[in-house]
Amino acid sequence: MLKASKDRIIVKIVDSHKKEGLLIVPDEKKDHLIGIVTSVWENILYIGHSDYVYFNRYAGNNITYDGQEYRSLLETEVLGISSMLR
């Protein structure tokens, strides 16, 4: 399991691709992505585990762990927080 380091959160990207038939196509037109928080640095108070966060597609660092794609973000790179996805 990935653990966040100082002032960072780890998110699993949930909407970076769209499915067209049997093909999965990257959605290059979106400026913002949505991720679900999997790990939070202990001093970050307003973002919690399993929150959905919105962030710029170029923010943070990409991480591939156990075949899953994650993003390591600074708390200042988060644009918005939601407890549920709509």
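We did not get these values from a lab; they are worked out from the coordinates using the rules stated. Bear in mind that the values here come from a model prediction, so they are computed numbers and not experimental data. Positions of Cβ are backbone-derived with ideal geometry, glycine not excepted, and every protein chain shown enters the neighbour counts.
Site pair Asp31 and Tyr46 shows an inter-label distance of 2.1 nm when each label is modelled 7 Å from Cα along Cα→Cβ. Residues within the reach of a label modelled at Lys6 (point 7 angstrom out along Cα to beta-carbon, backbone nitrogen below 14 Å), restricted to the stretch 36-64, are 41-44.
Residues whose amide H falls under 5 Å from that of Asp51, counting only those 5 or more places apart or on a different chain, are Val37, with hydrogens built in the peptide plane.
Set the Cα radius of gyration of the stretch 31-71 against 2.2 N^0.38 Å, with N its number of residues, and you get 1.20. Applied to the stretch 45-60, the Karplus parametrisation 6.51 cos²θ - 1.76 cosθ + 1.60 on θ = phi - 60° returns per-residue 3J(HN,Hα) values of 8, 9, 10, x, 4, 6, 6, 9, 10, 9, 8, 5, 4, 9, 7, x Hz, with x for Gly and Pro.
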